[in-house]
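Undergrad: First the structure, then my questions, so here it is.
The values are calculated or read from the model by the stated rules, or taken from the named source; none is laboratory data. What you see is a predicted model, and the numbers here were worked out from it, not measured in a lab. Methodologically, a virtual Cβ is constructed for each residue, glycine included, from the backbone with ideal geometry; neighbour enumeration extends over all protein chains shown.
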Amino acid sequence: MPPILVGSGGFRVDRDRAIEVLRGFQLPDPRDFLAPWLRFAAASKATNVTAYSRLGGLDVEFDGTPIQRARLEDPYESLFGETDRSPDLVSGLLGALRLRPRRVTIYSGQSRLTIDRFDRQTLEALEKPFTGTSVEVRWKGWFTGRLTRECLRRARAARKQIPIPLWIDGKSA
C-alpha cells in the first residue's frame, strides 16, 4: 500500500533555544575560541593577526575586509543555513560566551557590536570607521590572568591553521 499524505506544512525553531543548544556544541573546549577567529581573519584576507593580553581580558585585531553591518546585526544567522566566512566568527563567539565573559565587543567597519550576555547585544555606529576588525573579550572577576594566558596559549597552538602571521603580545607565535 503506498504512503498516504495526511498533511503538510513547516515547523518553527525557537531560535534563542537553538542558539543556546548550539553554543554547547561548537567547540569541545571553549578556551579554543580564538582558533575559529584566526580562520575568520584569514578568510577576511587579513595580512596578520595580533592578540594582546589585557588587564581583565584579551584583544584580537586584524586587517582585511571588515564585517558587514548586517552580519553584526544578527551574528548567529550563519548557524541557520547561510554559508560564508561567518560560521568561524560565530563559532568563536559562542565559545567565548561559554566562558561567561563580562563583555565581548567587536569593532569592524562602521559598527560596534557589544554582547554583555548571550541574549543581550547592542549594535552602534562608530563615528570614525574602523579599517579592520578588533575583538575585545573582558572577563568577570579579579583573577582572570590564567584564563587569558590559556586562551592565548591555545591560539598559539592553532597558529598552523592559518596562512598568515600571528603575533601574541608583540612576539611571533
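Undergrad: On the basis of being in contact with a helix residue (DSSP H, G or I) (Cβ under 8 Å, 6 or more places away or on another chain), charged (D, E, K, R) and at pLDDT below 70, does Arg15 make the cut? First the steps, then the outcome.
TA: Values: in contact with a helix residue (DSSP H, G or I) (Cβ under 8 Å, 6 or more places away or on another chain): yes; charged (D, E, K, R): yes; at pLDDT below 70: yes.
Yes, satisfied.
This table checks each residue for (1) within 17 Å of Leu113 (Cα to Cα); (2) of a type outside the set (Val, Ile, Thr); (3) out of contact with any strand residue (DSSP E or B) (no Cβ under 8 Å at 6 or more places or on another chain); (4) modelled with pLDDT of 70 or more.
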{"residue": "Gln26", "(1), (2), (3), (4)": "no, yes, yes, no"}
{"residue": "Asp32", "(1), (2), (3), (4)": "no, yes, yes, yes"}
{"residue": "Pro36", "(1), (2), (3), (4)": "no, yes, yes, yes"}
{"residue": "Lys45", "(1), (2), (3), (4)": "no, yes, yes, yes"}
{"residue": "Gly56", "(1), (2), (3), (4)": "no, yes, no, yes"}
{"residue": "Glu61", "(1), (2), (3), (4)": "yes, yes, no, yes"}
{"residue": "Gly81", "(1), (2), (3), (4)": "no, yes, yes, no"}
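Undergrad: Taking into account only those residues within region 43-72 that are buried (at least 19 other Cβ atoms within 10 Å of the Cβ) and of a type in the set (A, V, I, L, M), which is farthest from Arg100 (Cα to Cα)?
TA: Ala46
Undergrad: Restricting to region 116-157, name every residue that is within 14 Å of the chain's Cα centre (by Cα) and surrounded by 13 or more Cβ atoms within 10 Å (Cβ to Cβ).
TA: Hits for region 116-157 are Asp116, Phe118, Gln121, Thr133, Ser134, Val135, Glu136, Val137, Arg138, Cys151, Ala155.
Undergrad: Could you list, in sequence order, all residues of region 108-146 that are of a type in the set (A, V, I, L, M, F, W, C) and in contact with a strand residue (DSSP E or B) (Cβ under 9 Å, 6 or more places away or on another chain)? Break it down into steps so the answer makes sense when it comes.
TA: So the first thing to find is which residues in region 108-146 are of a type in the set (A, V, I, L, M, F, W, C), and the list is 113, 115, 118, 123, 125-126, 130, 135, 137, 139, 142-143.
Scanning region 108-146 gives Leu113, Ile115, Leu123, Ala125, Leu126, Phe130, Val135, Val137, Trp139.
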